[in-house]
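The values are calculated or read from the model by the stated rules, or taken from the named source; none is laboratory data. Keep in mind the model is a prediction, meaning the values are calculated, not measured. Glycine also receives a Cβ, built like all others from the backbone with ideal geometry; neighbour counts cover every protein chain displayed. The protein model used for the area step is the full one, side chains on, heavy atoms only, and it has no ligands, DNA or RNA in it. Shrake-Rupley method; radii C 1.70, N 1.55, O 1.52, S 1.80 Å.
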Amino acid sequence: QVQLVESGGGFMQPGGSLRLSCAASGSIFGINGMGWYRQAPGKQRELVATITSGGITNYADSVKGRFTISRDNAKNTVYLQMNSLKPEDTAVYYCYADFPKRGYWGKGTLVTVSS
């Protein structure tokens, strides 16, 4: 079994920054890609950013140039640095980890951007 625990969410004013972390534990041998998704109220869950085990990244157009995904393979942790936050970034952010047989989701961390 795999557990993903997110942290770092909270309240921030527009233009501010937050850093999310997601630590994987349990039977974590063979992690492939990891990523962040988000779900705003009344909307479907959407991809924010992904990163392969080799460090190749992919971003949603809405966050390019503002968010940076990174990972520490030794710590089985993925990060999301979010800069220049906008009110439309308000959502529950979910961590995802892809394994050979299946993927796992974290429980999510709430990010609220408001003045």
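Scanning the range 80-89 for residues that are outside any loop (DSSP other than H, G, I, E, B) and either open to solvent by 10 Å² or more (accessible area, probe 1.4 Å) or charged (D, E, K, R) (or both) gives Gln81, Pro87, Glu88, Asp89. What number of residues within the range 95-115 are closer than 20 Å to Ser17 by Cβ, surrounded by fewer than 18 Cβ atoms within 10 Å (Cβ to Cβ) and more than 12 Å from the chain's Cα centre (by Cα)? So the answer is 3.
A single entry from Asn76, Asn58, Asn32 fulfils the requirement of being loosely packed, with under 15 Cβ neighbours inside 10 Å and either touching a residue at least 40 places away in the same chain (Cβ under 8 Å) or small (Gly, Ala, Ser) (or both): Asn32.
Every residue, every condition in (1) more than 16 Å from Lys107 (Cβ to Cβ); (2) modelled with pLDDT under 95; (3) not in a strand (DSSP E or B), yes or no:
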{"position": "Phe11", "(1), (2), (3)": "yes, no, no"}
{"position": "Pro14", "(1), (2), (3)": "yes, no, yes"}
{"position": "Ile28", "(1), (2), (3)": "yes, yes, yes"}
{"position": "Gly35", "(1), (2), (3)": "no, no, no"}
{"position": "Lys43", "(1), (2), (3)": "yes, no, yes"}
{"position": "Leu47", "(1), (2), (3)": "yes, no, no"}
{"position": "Asp61", "(1), (2), (3)": "yes, no, yes"}
{"position": "Lys64", "(1), (2), (3)": "yes, no, yes"}
{"position": "Val78", "(1), (2), (3)": "no, no, no"}
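Applying the condition of being assigned to a strand (DSSP E or B) and not hydroxyl-bearing (Ser, Thr, Tyr) to the range 16-26 and asking which residue is surrounded by the most Cβ atoms within 10 Å (Cβ to Cβ) yields Cys22. Screening Val92 on (1) open to solvent by 60 Å² or more (accessible area, probe 1.4 Å); (2) in contact (Cβ under 8 Å) with a residue 24 or more places away in the chain; (3) not in a loop (DSSP other than H, G, I, E, B) shows it passes everything except condition (1).
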